[in-house]
Structure formats: C-alpha cells, structure tokens
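Written below as structure tokens is the structure these notes are about.
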Amino acid sequence: NAGVIQTPRHKVTGKGQEATLWCEPISGHSAVFWYRQTIVQGLEFLTYFRNQAPIDDSGMPKERFSAQMPNQSHSTLKIQSTQPQDSAVYLCASSFGTNTEVFFGKGTRLTVV
Amino acid sequence: GDSVTQTEGQVTVSESKSLIINCTYSATSIAYPNLFWYVRYPGEGLQLLLKVITAGQKGSSRGFEATYNKETTSFHLQKASVQESDSAVYYCALSANSGTYQRFGTGTKLQVVP
C-alpha cells in the first residue's frame, strides 16, 4: 500500500496562471478530502467526496477553485488565475468514512510568484 | 460550528522532560465527537497518533497519552519524558458525526532540545 499519492510535490506558478494538483487515494477508501495548510490557518478544509460524489465544498474559494473526482482512483484540485495568497501546502487525504482515521498524502507545495 | 483550538504554536522542551500540548474543542452538532491527535514528522506526511471515541476514556500511543474530558471539553496531549525524535508538528482534530469532515486545530510545533 503506497498510501495517498500526491503529484507534483512542488509546483511554482506565475501569478494569473492555472495550477492543477493530483491525488490518488488509497484503494478502497470511499472518502477523499482536500485541505490547505498554512502557518496562519493551520489545516483548512476545502472540499470532500464520498464515493466520487461531491459532498461538501464549503471551504473552497468559489471563484477560482474547483475539484473533481472522475473515478475512484484519482481526484484533482484546480486553481485558476493563481494569486500569491494561494501559496500553501495542499493536502489530499482519504479514509473509509468520515468518522474514522484519515490518511494523508505528503502534500503539494504550491508557490505563486 | 464545530472547532478545535490549540493555543501554543510552538513548544520547546528539554529531552527527558515532560510535555503537555493543549487542545480544547467545541462541538455544536453532536454531544460527544470523536477526538484525534495527528503528527507530522519532518519529511513525512501527517499521520494518526491516537484517537478516543468515548468521553472519559484515554488513548495512548508511542508514549503519548490524551484523555477525553467532556467536562472541560479538552483533549490535551501528554508525555512523561520526551525524546529528540518526538520533534514534530502535532494536530488535534475532531469528527462530529458521519457525513462531515474532520476539523483540525492550527497545530503545535514541538522542538525537543538536548
């Protein structure tokens, strides 16, 4: 079991460019989460899927962020027109359910210059 | 809404000394949420350290302990004697009920010095 895999590990984008982050959850896990980690906010919830269906995206900045889960083996987080304040570590996680242990990937560090 | 508060952003402790990292929670959607401590060691991903799902119970792992105190709504992490290898970032989290995501505190960076 390779755990939750996130690619790329590091990404640098210019202001205004698009960034796509990829996540491969653990096989068999029904819930997939995206969090954003910053020094100020800590672990900030963005969105989650259950059985590939979007359940709660209340943490997503609506205008430029979007997430998809086209199949059970991967999810993407897309940020359009990136801004310097989007710079953070984006964490993908998966679990068997929402009330159980969550397994995290190592994260993608996004830097917007 | 539901939330978790960690008041210390960073804690420095000398090796072999005792440790306590504070965590308090607020749960409005459920009386007794599940409580977790996660840890991120340098260069590694965030991983579960321990969890407690029953109020009044204690969880333990790797020498760390945390007791679910419903009276004070606290879930402090303690260790009697820390080692340099315990240096990491520790996150307290709660899960209110099925169908919602886990909520995390802002994290406490522990630095253990010789």
When B:5, B:67, A:108, B:72 are ranked with the fewest other C-beta atoms within 10 Å first, the list becomes B:72, B:5, B:67, A:108
Around residue B:43 (Cβ within 13 Å, Cβ-to-Cβ, excluding residue B:43; K/R +1, D/E -1) the net charge comes to +3
Taking max minus min of the Cα coordinates of region A:33-113 on each principal axis, largest first, gives extents in Å of 36, 23, 21
Ordering B:77-89, A:42-54 by per-residue average of other C-beta atoms within 10 angstrom, highest first, gives A:42-54, B:77-89
Ratio for region B:12-76, C-alpha Rg to 2.2 N^0.38 Å, reads 1.21
Karplus ³J(HN,Hα) for region A:71-88 (6.51 cos²θ - 1.76 cosθ + 1.60, θ = phi - 60°; Hz, whole; x = Gly/Pro) runs 8, 6, 9, 7, 9, 10, 10, 10, 10, 8, 6, 4, 10, x, 6, 7, 4, 4
Partner lysines whose C-alpha sits under 28 Å from that of residue B:51, ignoring same-chain residues fewer than 8 away, are A:106, B:17, B:70, B:79, B:109
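What ranking do A:58, A:94 get, fewest neighbouring Cβ atoms within 10 angstrom at the top?
A:58, A:94
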Amide H neighbours of residue B:109 at under 5 Å, excluding residues fewer than 5 places away on the same chain, with H built from the backbone geometry, are B:10, B:11, B:90
Most fluctuating of B:93, B:31, B:55 in the GNM of chain B (C-alpha, under 10 Å) is B:31
Quick note on A:102, B:52, ordering by fewest other C-beta atoms within 10 Å, gives B:52, A:102
For residue A:78, the aspartates and glutamates lying under 20 Å Cα to Cα, once residues fewer than eight places off in the same chain are dropped, come out as A:18, A:24, A:44, A:56, A:57, A:63, A:86
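Only the coordinates and a few stated rules stand behind these numbers; no lab work does. A quick note: this is a predicted structure, and the numbers were derived from the prediction, not measured. Neighbour counts run over all protein chains shown; Cβ positions are idealised from the backbone, glycine included.
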